[in-house]
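The values are calculated or read from the model by the stated rules, or taken from the named source; none is laboratory data. Since we're looking at a predicted model, the values are computed, not measured. A quick note on method: Cβ atoms are made from the backbone with ideal geometry, for glycine too, and the neighbour counts reach across all protein chains shown. Remember, those area values only see protein heavy atoms, side chains included, never the ligands or the DNA or RNA. Shrake-Rupley method; radii C 1.70, N 1.55, O 1.52, S 1.80 Å.
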Amino acid sequence: MKIAFVGKGGSGKTTLSSLFIRHLAAARVPVIAVDADINQHLGAALGLDDATAAALPAMGAHLPLIKEYLRGSNPRIGSAETMIKTTPPGDGSQLLRAGGDNPVFHACARTVPLDDTSVRLMATGPFTESDLGVACYHSKVGAVELCLNHLVDGREEYVVVDMTAGSDSFASGMFTRFDMTFLVAEPTRKGIAVYRQYKEYARDFDVSLKVVGNKVQSADDLAFLRAEAGDDLLVAVGHSDWVRAMEKGRPAPFAELEDANRRALETLHGAADATYPQRDWQRYTRQMVHFHLRNAESWGNAKTGADLAAQVDPAFILSESAATPQPA
C-alpha cells in the first residue's frame, strides 16, 4: 500500500507520517519510509541523529543506477539515459517489490531501528551547492516517482512518503501514485486553503484523500475543520507530550504514546487498508502513461532526443501478479 502525507509547510505532516510509520512497524508490517520533502526531516523524526540523517544516501545521486536497473531488458527503452521520471514499466522492465531486495534498495535504503523493530528509509536528498540557482526541486524527486512507477506492493506492504509541502507535488503525476493521501491540516484558513487546492486538483484523477486535523486544541478547532472539510475529515490530533519529548531529542518508547493518538493512528491504518479492495491497476497504469506522454511532449523528447511515447507498452498493466523475482 502506497501512502502519501501532504500539507502546507509547518502543518506537522512529517511528524504524523513518522508516527504512522512507527505504528506500522510496531504492528510488524513491513515499511519503506521515503522522505520526498526538500527539507529532509523524516530521518530526524524517526530518531536519527543529525550526522546519521545527513549521511543518508540521496536517491537523486543514484539515478543512473536506478534507471539502469528498472530498464531491465525492456526493448522499448533504447538506453537508461532516455528514461525520465515518468517512464512507465513494460515487458522486460525490472519491478520493485516493497518487501523484497534489489540493487536500488541496496544503494538508497538504510535501516532505521525503532524500539524492537526497524524500517527502511530512503531520501531524495537535499539541495547541494551545485543545485542552487540552476536546479528545480522537482528534478530531485524524479527518482522517487520513477521508483513508484515500477513498484508493486501488497496489502501488508507499506510505502509511506513524506511529500513536499503545499501543492508542489502537482508539478508531476506523482500525486496519483498512492492508494491513500492523508492531508494534514491545521484548523486555520491557510491549512484549509491547501486542502481545497489539493482536492480540486485531485478531483479528476480519483485520488483517495482524507484530512487529518493537527494541532487541534479545542472543540471550536474541531468544529472549524468539520465545517470546512466535511466527510473528508478522518480524525483530529491534538497536543502530544510524547511528540514534544521526541522533538527535544528525548524519545520515549513508542508504546508510551498517548492512547488518543494511538487510536488516531489505528484510524489511519484502517482507512488505508480499506482502499485495498478498490485498487484499480488498469487506471493506475493509464494515469502513469497519461503523465508520461504529457512530460514527453512538453520537455522530455527535447531533452533526451528520443521519442519517449515509444516507451509505452500498450499491452502492459502493472499489477501484483506482474512482479518477478529480483536479483539481489
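Observations
- Selected residue [without any contact (Cβ under 8 Å) to a residue 60 or more places away in the chain, over 23 Å from Lys210 (Cβ atoms) and among the acidic types (Asp, Glu)] from Asp241, Asp231: Asp241
- Within segment 200-304, helices (runs of 4 or more DSSP H) holding 2 or more residues that are under 25 Å from the mean Cα position of the chain (by Cα) and over 21 Å from Pro88 (Cβ atoms): 219-229, 241-247, 259-274
- For the condition closer than 21 Å to Gly47 by Cα, among the β-branched types (Val, Ile, Thr) and open to solvent by less than 70 Å² (accessible area, probe 1.4 Å), Val312 does not qualify.
- Exclusive hit being surrounded by fewer than 22 Cβ atoms within 10 Å (Cβ to Cβ) and at pLDDT 95 or above, set Ser93, Ser130, Ser79: Ser79
- Segment 96-124 - residue that is aliphatic (A, V, I, L, M) and over 18 Å from the mean Cα position of the chain (by Cα) and, of those, surrounded by the fewest Cβ atoms within 10 Å (Cβ to Cβ): Ala107
- Filtering segment 46-71 to residues that are farther than 14 Å from Gly125 by Cβ and open to solvent by less than 10 Å² (accessible area, probe 1.4 Å) leaves Leu46, Leu70.
- Residues of segment 177-192 that turn out to be open to solvent by 20 Å² or more (accessible area, probe 1.4 Å), part of a helix (DSSP H, G or I) and either of a type in the set (Phe, Trp, Tyr) or in contact (Cβ under 8 Å) with a residue 40 or more places away in the chain (or both), as a count: 1
- Looking only at residues in segment 234-250 that are in contact with a strand residue (DSSP E or B) (Cβ under 8 Å, 6 or more places away or on another chain) and open to solvent by less than 30 Å² (accessible area, probe 1.4 Å), the one that is farthest from Ala44 (Cα to Cα) is Val235.
- Scanning segment 18-45 for residues that are among the polar types (S, T, N, Q) and more than 10 Å from Leu114 (Cβ to Cβ), we see that the one that is least open to solvent (accessible area, probe 1.4 Å) is Gln40.
- For Phe316, the criteria (1) under 30 Å from Phe105 (Cβ atoms); (2) assigned to a helix (DSSP H, G or I) hold in every case but one, which is (2).
- Some residue of segment 139-158 being modelled with pLDDT under 90, open to solvent by less than 10 Å² (accessible area, probe 1.4 Å) and not in a loop (DSSP other than H, G, I, E, B): yes
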